[in-house]
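Asker: Structure provided below as structure tokens; questions to follow.
The values are calculated or read from the model by the stated rules, or taken from the named source; none is laboratory data. Here the structure is a predicted model, which means the values were calculated and not measured. All accessible areas refer to the heavy atoms of the entire protein, side chains included, with ligands and DNA or RNA removed. Shrake-Rupley method; radii C 1.70, N 1.55, O 1.52, S 1.80 Å.
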Amino acid sequence: MKLNLKPILFVVGCLMMTGSYAQKVIIENNKVIIDASALRNSTKVKKARTTDGAYNKLGTNDATNIGSKVSDEKVYYKFEVDKEEKGYNFFWDSAVYTCQSLTKDGGGWRIPTRGELLLMYLLKRELEACPGFAEFKSRYWSATEIEAEKSWTIYFTFNKGLVSDETKGTYYSNVRCIRDLD
């Protein structure tokens, strides 16, 4: 596992943002929602739900690919977080597909980008306090790819908050799906 300064600086930046802006967890119609509209790096442009990347192939670096660096530049301003785990021990492409194919409450689910997953980590205590919300376990895949064979993960328990690059087709991680709201 190789650590570099860029992810650490990203986490520090997120921590600084949470101190000066009011992201919040809302319960609305039994849905758990993160309102990130106060963040400078939020967007109202809906995110892609799919990728043309694979366990050994880097996807296109544009907004049509949820795994792209472009998709990770901004968090969606208001998104629902699934109360349930969608499984453990997924390879990256299986995690992406699991969220994309989720039909719960009409569908529209996707895997979070690294920025959105970091926001979920920062709001972990508030999310887990919501009625019926299953606690986070271990390490989670983000959609955001680093290179052909690697994507970002974040540890929610052991090694709390560690942002790590993991091999998409070798390492197993958990997945928690989100969906953009209007």
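Asker: Could you tell me what percent of the accessible area of region 110-182 is made up of carbon and sulfur, with a 1.4 Å probe and every protein chain present? Before the final figure, lay out the partial values.
Answerer: Working: 1260 of 2570 Å².
Ligands and nucleic acids excluded, carbon and sulfur reach 49 percent.
Asker: Related question: If the reach is capped at under 16 angstrom between alpha carbons, list the aspartates and glutamates near Lys44, excluding any in the same chain fewer than eight residues apart.
Answerer: Asp35, Asp72, Glu73, Glu80, Glu116, Asp180, Asp182
Asker: Right, here's the next one. Kindly flag which residue pairs out of Lys24/Lys46; Lys47/Lys83; Lys24/Lys57; Lys31/Lys150; Lys74/Lys124 have an alpha-carbon separation exceeding 28 Å in this structure.
Answerer: Exceeds cut-off: Lys24/Lys57; Lys31/Lys150.
Asker: To continue, here is another question. Using helices alone, I'd like the mean residue ellipticity at 222 nm for the chain: each DSSP H run of four-plus residues gives -39500 (n - 2.57), total over residue count, nearest 500.
Answerer: -6500 deg cm²/dmol
Asker: Between Asn29 and Thr157, 0.36 nm times their residue separation minus their Cα-Cα distance comes to what?
Answerer: The span from Asn29 to Thr157 would gain 43.2 nm if fully extended.
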